[in-house]
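First comes the structure, then the notes that go with it.
The values are calculated or read from the model by the stated rules, or taken from the named source; none is laboratory data. If you're wondering where the values come from, they're calculated on a predicted model, not measured in any experiment. All Cβ positions, glycine included, derive from the backbone under ideal geometry; neighbour counts span all protein chains shown.
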Amino acid sequence: MTHEYTLVLNCGSSSLKFAVLQPLTGDCAIQGLAERLGSDQASISYQVNETKHKILLTQGDHQGAISAVIELLKEQALLQSIKGVGHRVVHGGEAFSESLLINADNLKQLKTLSHLAPLHNPVNLLGIEAINTLLPELPQVAVFDTAFHQTLPEAAYLYALPYEYYEKHDVRRYGFHGTSYRYVSEKSASILNKPLNESHFLIAHLGNGCSACAIRNGVSVDTSMGLTPLEGLAMGTRSGDVDPGLMPFLCERLNISTSDVMDILNKKSGLLGISGISNDMRELQQAAEQGDVRANLAIEVFAFKIARYLGALAVSLPRIDALIFTGGIGENDRFTRALILEHLAILGFEIDGQLNKTNGDEHGRISTQSSPIAMVVATNEELMIAKDTFMLTQA
Ligand code: ADP
């Protein structure tokens, strides 16, 4: 059984992340990224053991990239060990509160959800259909970003809008990054030696996309993202929360369309928008260190909004067993973590500068002994997808 592998696919609009994992041990045989799909510069970068490789793609669409990945798996003598394929699917709507073993019927149902995530779900489905064509004998599983948040109470998921928009048009808060929250909450409970169903956590997932979540008795009870991943925290290029009045204001003032404004809010805002330099936190920290005022401001706005949201999410918990940082920034950027915890002194948090510098002690703890626990826990969404795929494909 330990020689069984799962292929994990994460199809984006012009990219495809893939990994082949042993679901029980987490051992990763190969991982890679196909980029610039749809252009004549499409390529695949991948890593086997510690060695990195790059190949150019002749057929540079999603199906071409998946064919090339399959060829690669044959070359590496991995294909025959793969027993299932797990897909990251962004939106499961209200229909899917758990991962799903895909069949012809539920695939049809899945297609009806594309209006909820028009930029993401159709490309996720392309991946499923490409595998149906290329490796039809393998079972496939969909793992949804939204599923973990289906436990949100009505008060947290309803917008204060006419109720019929919820009833007739599915307008509500769904939340995303659920696979990461599920992995990190399970891992944190095990690190803290607590039963998950008696654990109360605040988790900040800070990557290119950023969100935060309140977990009560092991389930999601509030989160910062909403109908789409644009709501909530400031992110690499997304604005997060803004006054909805901004939309007509910018349209009129700049004489642009609503889709232009959406482009600004999704791709030109956040850390990039304020700094004018980059959406990449490492570059911003470097610029801030060299005295760039706007880079520094971008980091301060970013951290303040996170702290403000964490304070708001805390009202859904009876107590905070731990505040957990995860994602590229959460796991690595001690400056942002320090700023956030400084703002959260009201909740009793006090950072241990020494522990924070090393991204935590052996348990990931970065707060002082007298403070509530704040810790760093690395996420692993691919492993969670591989585990779900393994579970659902065991006959
Ligand atoms: P994604 O959401 O695409 O999975 P990641 O979780 O990899 O993104 O996070 C990317 C972010 O993490 C970038 O802003 C990057 O600068 C930041 N990051 C990665 N490593 C570090 C580091 N050592 N210090 C500060 N920021 C880092």
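Please indicate, with yes or no, whether at least one residue in region 3-20 is farther than 17 Å from VAL123 by Cβ, more than 24 Å from the chain's Cα centre (by Cα) and at pLDDT below 95. Yes. Here the condition is being buried (at least 19 other Cβ atoms within 10 Å of the Cβ), hydrophobic (A, V, I, L, M, F, W, C) and either within 16 Å of the ligand (Cβ to nearest atom) or under 30 Å from ARG216 (Cβ atoms) (or both); of LEU317, LEU265, LEU355, it holds for LEU355 alone. Taken over region 268-314, the residue count meeting the criterion of being closer than 25 Å to ALA214 by Cα and either away from the ligand (no atom under 12 Å from the Cβ) or not small (Gly, Ala, Ser) (or both) is 18. Among all residues of region 355-365, there is at least one that is under 24 Å from GLU186 (Cβ atoms), acidic (Asp, Glu) and at pLDDT 95 or above. When region 272-311 is filtered for residues that are surrounded by fewer than 19 Cβ atoms within 10 Å (Cβ to Cβ), touching a residue at least 24 places away in the same chain (Cβ under 8 Å) and of a type in the set (A, V, I, L, M, F, W, C), the ones remaining, listed by number, are VAL301, PHE304.
Sub-7 Å Cβ pairs linking a first residue in region 65-91 that is closer than 26 Å to SER13 by Cα to a second residue that is among the small types (Gly, Ala, Ser) and assigned to a helix (DSSP H, G or I), at least 6 apart or interchain, are ILE66/GLY127; ILE66/ALA130; GLY86/ALA386; HIS87/GLY127, ordered by first then second residue.
The set of residues from region 75-115 being assigned to a helix (DSSP H, G or I) and under 23 Å from PHE148 (Cα atoms) comprises ASP105, ASN106, LEU107, LYS108, GLN109, LEU110, LYS111, SER114, HIS115.
Taken over region 116-135, the residue count meeting the criterion of being touching a residue at least 12 places away in the same chain (Cβ under 8 Å) and closer than 17 Å to THR146 by Cβ is 9. Is it fair to say ALA214 is of a type in the set (Gly, Ala, Ser), more than 16 Å from the ligand (Cβ to nearest atom) and without any contact (Cβ under 8 Å) to a residue 60 or more places away in the chain? No; evaluated as a whole, the condition is false for this residue.
Residues that are part of a loop (DSSP other than H, G, I, E, B) and more than 22 Å from GLU98 (Cβ to Cβ) within region 132-157 comprise LEU135, PRO136, GLU137, listed in sequence order.
Taking residues in region 320-331 that are farther than 14 Å from LEU344 by Cα, and partners anywhere that are in a helix (DSSP H, G or I) and more than 8 Å from the ligand (Cβ to nearest atom), the pairs with Cβ atoms closer than 8 Å and at least 6 places apart or on different chains are THR326/SER180; THR326/VAL184; GLY327/SER180; GLY330/ARG337. Taking THR237 as meeting all but one of (1) within 16 Å of the ligand (Cβ to nearest atom); (2) touching a residue at least 40 places away in the same chain (Cβ under 8 Å); (3) outside any loop (DSSP other than H, G, I, E, B), write down the number of the exception. Evaluating THR237 over (1) within 16 Å of the ligand (Cβ to nearest atom); (2) touching a residue at least 40 places away in the same chain (Cβ under 8 Å); (3) outside any loop (DSSP other than H, G, I, E, B) leaves (3) as the failure. Of all residues in region 184-200, none are of a type in the set (Ser, Thr, Tyr), within 16 Å of the ligand (Cβ to nearest atom) and modelled with pLDDT of 95 or more.
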